[in-house]
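Throughout, read-outs are computed from the coordinates displayed, never taken from laboratory work. Keep in mind the model is a prediction, meaning the values are calculated, not measured. Cβ placement follows ideal geometry from the backbone for every residue including glycine, while neighbour counts extend to all protein chains displayed.
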Amino acid sequence: MTTGNTFETPPSASVNRVQIIDLPGLPLDEAARGLRGDELISSRALMSLAAPHASVFGLNAADLPSVLPDLTRSKALVRRDAALAVGRALASGGPAARDAAQEIAARLGRNLGWLLATLHRGDEINRRVRPDWQPADWEKWAKIRTVWLGGGLSSGLLGETIAASARSLLDELGYIDVDVRLSPYTSLIALMGAARTLTLLPDEPIRRRALGFDFGHTLVKRAVLDYEGGVLATMEALPPVLTEWSEIYPAEEDRAALGRNVLRFVAQIIARTAAERPDAEPYAVTSVAAYKQNGRLAGNGPYASIHAAGGNRLANDILSEATSRAAGRAIAVEPIHDGTAASLAHAGAPRSAVIMLGTALGVGFPPNREVGLRAIGLR
């Protein structure tokens, strides 16, 4: 069972490696100068900003690095809890915690604003440090008029403050034609988009139930998806699973060993969820934090390493085979890049982009039309 559609975003689209060297003529914040996209705004960037205020947030200062950590040197639990603590402080913390949280959220929002200004302007000085981008990549961003925010940092008052701060900076700079909006799907945006790709069968029953997953770098989000009359009617969120890379990465640097561990991790979670929900059909629409090119997961991230273990085969074949083996029954897995999946949640919105604010930045560009996608009719 396949989607019958090809929705792909090239790995080169990543904005994590966009670097702000300078913005000639603009009063660039020195705190943003020289930083890359993932250093400007991400859950790891939040951790480093929260480090001086650990005590007021009730966090362990030893867990919060003063510089951006890599995946294997920071715990998923700490990344999640740091963002939750800042969000709680914004909503109901004491004066010291609330002020610190406001400072962090505003800083992240301004950083996002500077990143969007950099993408919009495409100054030569910043183009030179991104040699893999062609002029068309910069021109694409120059035409963007709406940026939808999703991912873990987009939820609640934290997301609202980040978005408002980014909009405020863009207004100050005169970029009033670039609107920054929070997606109504917030942290579930990739799951929502992936759910729209479920194949419409020739003899489609009135009601269908499938499983949905979003394999991120901090959490695996899970849901039971109910379709009625071909429309996504309900999404029942299941408890998420932490993604602790320190437990998945092998002791020695070995891409094949990493691939085997990641493949086992993905297969076991899907198989376990299928066992918990036998009422769902044996099919998993699956967003994953890796690009997908010609049916293969691509990029340098850990999820793309499954091909080092599974050989030069299609990702859906590798994942379906491993999951079926783990479950003891046939389960089809259809992976899609998380940023691309997120963009499908807003399909039909021209001249727009989706940026997912998570462990790093995910990106996708909504297709202008909704052809081949399930309608969303959540109730």
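Compared with the dominant principal axis of the Cα atoms in the chain, helix 315-327 is inclined by about 60°.
When peptides 227-233, 195-201, 336-342 are sorted by average Cβ neighbour count within 10 Å, with the highest value leading, the order is 336-342, 195-201, 227-233. Our coupling estimate for the stretch 105-116, obtained by passing each phi through the Karplus curve with A = 6.51, B = -1.76, C = 1.60 and θ = phi - 60°, is 5, 5, 5, 4, x, 5, 4, 5, x, 5, 5, 5 Hz, Gly and Pro reported as x. Each part gets one Cα centre, and for the stretch 316-379 versus the stretch 70-126 those centres are 25 Å apart. For LEU242, the amide hydrogen comes within under 5 Å of the amide hydrogens of VAL220, counting only partners 5 or more places away or on other chains and with H modelled in the peptide plane. When you count the other C-beta atoms within 10 angstrom of each residue and take the mean per peptide, 315-322, 63-70, 19-26 line up highest first as 315-322, 19-26, 63-70.
Of the labelled options (1) 20.7, 69; (2) 20.3, 62; (3) 33.9, 124, which one gives Rg and Dmax of the Cα atoms in Å as computed for this structure? Among (1) 20.7, 69; (2) 20.3, 62; (3) 33.9, 124, the one derived from this structure is (2). Rounded to whole numbers, the Karplus 3J(HN,Hα) couplings from phi for the stretch 210-220 are 9, 9, x, 9, 10, 8, x, 7, 10, 9, 9 Hz, using 6.51 cos²θ - 1.76 cosθ + 1.60 with θ = phi - 60°, and x at Gly and Pro. Looking at the stretch 192-345, the DSSP beta bridges with both ends there are about 65 percent antiparallel. For the stretch 87-93, putting each phi into the Karplus relation 6.51 cos²θ - 1.76 cosθ + 1.60 with θ = phi - 60° gives couplings of x, 5, 5, 4, 7, 8, x Hz, in residue order, rounded to whole numbers and with x for Gly and Pro. Antiparallel beta bridges, as assigned by DSSP with both residues in the chain, represent about 55 percent of the total such bridges. Amide H to amide H, with H built 1.01 Å from N, TYR283 comes under 5 Å of LEU211, ALA332, counting only residues 5 or more places away or on other chains.
Straight-line reach from LYS75: taking Cα to Cα under 19 Å and skipping same-chain neighbours fewer than 8 places apart, the lysines in range are LYS221. Counting only alpha carbon atoms, the long axis of helix 255-276 and the longest principal axis of the chain meet at about 70°. Between the amide H of VAL231 and any residue lying 5 or more places away or on another chain, no distance stays under 5 Å, with hydrogens modeled in the peptide plane.
If you average the sequence gap of Cα pairs under 8 Å that are 6 or more apart and divide by the length of the stretch 247-376, what percent do you get for the contact order?
Normalised by residue count, the contact order of the stretch 247-376 is 22 percent.
Taking a straight Cα-Cα cut-off under 26 Å and skipping sequence neighbours fewer than 8 places away in the same chain, the lysines within cross-link reach of LYS143 are LYS292.
For the chain, averaging the sequence separation of C-alpha pairs within contact (under 8 Å, six or more residues apart) and dividing by the residue count gives a relative contact order of 20 percent. Each peptide in 140-151, 91-102 gets a packing score, the mean of other Cβ atoms within 10 Å over its residues, and the list from highest to lowest is 140-151, 91-102.
In terms of Cα atoms, the Rg and Dmax of the stretch 3-84 work out to 16.4, 52 Å.
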